[in-house]
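Structure first, commentary second.
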Amino acid sequence: EDMDHSSAMHAMHGMAGEVDASGMDMCSMSMTFNWEYKNLCIVFKWWKIRTMQDLVVTCGLIVLLTAFYEKIRNSAVQGRNYAGSPLLTLVRPRSKIYNSLMYTVQVVYSMFIMLIFMTYNGYCIASIAVGAFFGHLVWGNDPARDLNCH
């Protein structure tokens, strides 16, 4: 027996990672913690995991992105310390601009990492944790810094 069009669309919509009515790949998006990786889109439609190799490459990139975030934070702290130097009193507005720019970069960068975390994918979350660990190990030399979102 034939299925009507709306039933077919509903059936296709329920299958995460399958194709939509136009024949295009769909992104899989779960709103609960999971370990699924096929057809998982990371932030953008073009950053899509289809195979185990894609997953390994993506996890490596996430580790590097997250580790580098610690480098950015460290650079911003050093910039603030340098900006307070008596040598820069003549260029105070420039140091204020630099500090504001670094703050903006940190906010945008941290929100990007948050969007990756919000895939609720265990592999992505673990990659963020590993990147944070190594980033802090290499660049996190300020024990006075507290943990915050950016």
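The values are calculated or read from the model by the stated rules, or taken from the named source; none is laboratory data. Since this is a predicted model, take the numbers as computed values, not measurements. Reconstructed Cβ throughout: ideal geometry from the backbone, glycine too, with neighbour counts over all protein chains shown. Only protein heavy atoms, including side chains, enter the accessible area calculation; ligands, DNA and RNA are left aside. Shrake-Rupley method; radii C 1.70, N 1.55, O 1.52, S 1.80 Å.
Odds and ends about this structure:
- Cβ crowding within 10 Å averaged over residues, with 61-67, 101-107 ranked highest first: 61-67, 101-107
- When T119, T51, T32 are compared by accessible surface with a 1.4 Å probe, the order from highest to lowest is T32, T51, T119.
- Sorting C27, C41 by accessible area puts them as C27, C41; the probe is 1.4 Å, largest comes first, and only protein heavy atoms count.
- Each residue of the stretch 116-129 was assigned a 3J(HN,Hα) from its phi angle through the Karplus curve 6.51 cos²θ - 1.76 cosθ + 1.60 (θ = phi - 60°); the sequence is 5, 4, 6, 6, 6, 8, x, 5, 5, 5, 5, 5, 5, 4 Hz, with glycine and proline shown as x.
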